[in-house]
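Data block below; observations after.
FYI, it's all coordinate maths here, none of it is from the lab. The structure displayed is predicted, hence computed values, not measured ones. We place every Cβ from the backbone using ideal geometry, glycine too, and count neighbours over all the protein chains shown.
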Amino acid sequence: MIRSSALCFTILTLAATLPAQRVPPSSRTATMRGTRGDRGKCTIEVNVDDVAEIEIQGDRGLLTTLSGQPSQWVRFECNDILPRQPDDFKFSGVDGRGRQTLLRDPRGNRGVAVIRIEDPKSGREGYTFDIEWRGSPSSSIENPGEKGRFGEPPRIGSEREGSGRAIDACKDAVRARADKQYGYRDLEFGRVDVADDRGRNNSVQGRFIYRRGFSQEEFEFTCSVDGSGRVRNVELRRW
């Protein structure tokens, strides 16, 4: 009996000293609703058990669990893309029993807003907050040599009708290549942009994520698309 108690105590002590398993961050692309203009707004809803941080850049969100059970996305809705340098910015906690704090204002953080949520009680709780701003994303294009917080290629072209066709063709080609090369079929695309090469071909650049349980793999891709919408070349690179 004494040996059994000692063994249980040893096991519990070892378990308490083992480092907690890190929960991989969860990314999400905003659902666009409403009318675009010079005033933008996003409503974000997440479930948090203890402490989590949400980073918003452009139309992408990154949810990181700092402690507690894995946090979960519920809703990420915007009427426009958060600019790199908004003229004005406002954060408002809407719902939740704990504390919601704006840690980083995008105006002084290279276009990235960072919000921390601290939930004081056990069990997950739903939290909702709004971010609002003035200014258009078109005035905040990244410099060609830079990468954003999530590693997206710079935003170098608008998705006009022709660009949209090139993007769709490129995504189809990327899906086919990822399936053939890695056996990956359910891809989560991030931002995809078109560069006008002023020639016969357009260069389409972007990123995608492949998830498997709590693990994920991130890739960059580049496509060369000709004027007829045919994909001439596809390159995939692990991020």
Query raised in the report: Picking from VAL94, THR128, PRO106, whose Cα lies most toward the positive end of the charge dipole for segment 89-137 (charges on Cβ: Lys, Arg +1; Asp, Glu -1)?
Result: PRO106
Query - Separation in nanometres of the label points that stand 7 Å from Cα toward Cβ, at TYR182 and ASP88 - result: 4.3
Query - Local net charge near GLU235, Cβ-Cβ under 13 Å (Lys/Arg +1, Asp/Glu -1) - result: +4
Query raised in the report: If one puts a single equal scatterer on every Cα of segment 19-139 and applies the Debye formula without solvent, what log₁₀ I(q)/I(0) results at q = 0.23 Å⁻¹?
Result: -1.31
Requested in this report: Once you have the Cα-Cα distance between ARG75 and ASP130, take 0.36 nm times their residue separation minus that, and quote the gain in nm to one decimal.
Outcome: 18.7 nm
Requested in this report: Any chance you could run the full-extension gain for ASP172 through ARG230? It's 0.36 nm times the residue separation minus the Cα-Cα distance, nm to one decimal.
Outcome: 19.8 nm
